[in-house]
């Protein structure tokens, strides 16, 4: 089947019908090209949106309190609800579906940070060590807060990169003491946010802050991570359950959104990813539709070719060509055209998306990419392989009907149409 | 070599059935030089197709070289055609995009002979036809007589037992026709059975036996020794 003769025969017929072969090949190449561009764009959009989620763990959930807006169990509306340290213990030990917990105590007003002669006003985030995982805090030197810092109410702080630059210039900040609102804190680490949003922020042990700044057992907000469930319904069930429990603990109507607010990222994340799965499926359907149009084109051309070559096929059969060898001849030609044309379309589609990606990377690395909802719009290797397999298969499919027709050519009739 | 015993063949088109061969009994020995004659519709093409294993028959029996030919599948039939029979056609039926040598070599391709070997053999046969210098020419660059000689070389290359020629001179002028007939005679002299279908009397007269078909049966068989004279007369004209 793979000797030189059959290829010679195929190439000589292709040479005789250059334009037709080109047009046929073009429709297949176009189909694959569009499939690659669509898939790449779909991937790019998905990666872009995923990037937007990447600031935090996708299973993070925030909770905060306010004043009640619905009367409940004899209480009037307008009552202030406050989280406390017992809520922290409850969430960590008893609440269902909760993985990690961090609490936050807000420091009032702007607090001045100073070191030697340098000073500035920065945001202080008080938290538990778990926040490092939740908000994906990156430490460029030193360490983040740990449980011992919490238990011993240590006066330590992790400062953002901008704070380090402002206070320390080129000096190594680790182990140095800075004054935060006139209380000395030892710098134990420097954090660094590649998207430079949190660089003007420091992280302080929640317990220390609560004690120093007179918080009693007050907690302003909680950040928790939930179990990594698979459906949006399950994710919502976890946050609903926590709301029920909190409503019971603090005596407010569970439907009162003003009393306690929360945002469950996982629900949003799962929903968004669902949308992208749907988009991806849609893209495949359109792409394959385009491809089918190309394949029908090839099939059509091959049918005409077989009709034109009826006499030649008749001669071959009279001289001893078996039906299998005739089928092989037509099928191989069809596979050859679709595979080569499809491969060209594949390379061009992937090439375009890679080029686009390169331009995008340049833009992002030069700092202009923050608003772009589009990242790495490329097609992975596995997809390209399956597209190639689809091509070869479709080539065989396109050639099959014409090949069967060719094999059924009766030499007598073929040789008698003068 | 060829034994036909009450061969019947009809073609069914829709509700109509056309009974073409109505019981053909025929025996052709090895090395015979035979022509089949008859007007159109007499069944001579059908007979040729059956002899050439291009078509099956309804009833009777056909034995070729001791092997009964009936109900073969396409692959088997193709193999037998390739081994036993060489075809020569009125319209030459060379493949237009292959040169003379490649056309001649084609039957050997289907015997899975290596490319180099079949090209050498093809050159030998072209040489025998006096076409050595034309080996690299496409059919469109050859004259009618040359084309038919290429076709005969192609028919001979697989060493067939039988040559079936369907109006081999139908598209040629008289002089070229006789040249082709001379070649076929030489082929016959080497012991190969040659069967020619023709409606031209002068061509038929050059064979040793004429089978005349009429309405699907054999009307007469003329064993021809003296008709050689007939040919001389035609040539003189």
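FYI, it's all coordinate maths here, none of it is from the lab. Just so it is clear, the model here is predicted, and its values are computed rather than measured.
Relative to the globular-protein estimate of 2.2 N^0.38 Å, the Cα radius of gyration of region A:175-221 stands at 1.34.
Region B:68-106 and region A:13-44 have Cα centres separated by 38 Å.
Each Cα pair under 8 Å and six or more residues apart adds its separation to the average, and for region A:62-156 the resulting relative contact order is 16 percent. If you run the Gaussian network model on chain A, springs between alpha carbon atoms under 10 Å, then out of A:201, A:230, A:52 the most flexible one is A:230.
Compute the helix-to-body angle for A:4-16: its Cα long axis versus the longest principal axis of chain A, expressed 0 to 90° and rounded to tens. Compared with the principal axis, the helix lies near 90 degrees.
The GNM of chain A, with springs linking C-alpha atoms under 10 angstrom apart, assigns the highest mean-square fluctuation among A:345, A:399, A:66 to A:66. In units of the compact-protein estimate 2.2 N^0.38 Å, the protein assembly as shown shows a Cα radius of gyration of 1.75. Here the contact order of chain A, divided by its residue count and restricted to Cα pairs under 8 Å and six or more residues apart, works out to 28 percent. Computed over region B:106-191, the Cα gyration tensor eigenvalues convert (square root of 5λ each) into semi-axes of 21, 16, 11 Å, ordered from largest to smallest. Estimated from helical segments only, the mean residue ellipticity of chain A at 222 nm is -18500 deg cm²/dmol, where each DSSP H run of four or more residues counts as -39500 (n - 2.57). Taking every DSSP beta bridge that has both ends in chain B, the antiparallel portion is near 55%. Just to confirm the number: angle between the C-alpha axis of helix A:381-407 and the first principal axis of chain A, 0 to 90 degrees, nearest 10? The answer is roughly 20 degrees. Quickly estimate the mean residue ellipticity at 222 nm for chain B, helices only: each DSSP H run with n ≥ 4 gives -39500 (n - 2.57), and the total goes over all residues, rounded to 500. Helices in chain B give a 222 nm mean residue ellipticity of -10500 deg cm²/dmol.
Averaging 1/r over every pair of different alpha carbons in region A:60-266 and inverting the result gives a Kirkwood radius of 18.2 Å. One Cα centroid belongs to region A:123-173, the other to region B:109-129; the line between them spans 87 Å.
Of all the options A:11, A:276, A:185, the one that moves most in a Gaussian network model of chain A with Cα springs shorter than 10 angstrom is A:11.
Each 10 Å bin from 0 upward holds the following percent of the Cα-Cα pairs of region B:155-226: 18, 51, 29, 2. Here, region A:52-176 is characterised by an Rg to Rh ratio of 1.04, where Rg is the alpha-carbon radius of gyration and Rh the Kirkwood radius. Working from Cα pairs under 8 Å separated by at least six residues, relative contact order for chain B is 28 percent.
For region B:83-237, the fraction of C-alpha pairs more than 20 angstrom apart is 50%. What is the helix-to-structure angle for A:323-365, meaning the angle in degrees between its Cα long axis and the longest Cα principal axis of chain A, kept from 0 to 90 and rounded to the nearest 10? On a 0 to 90 degree scale, this one is about 30.
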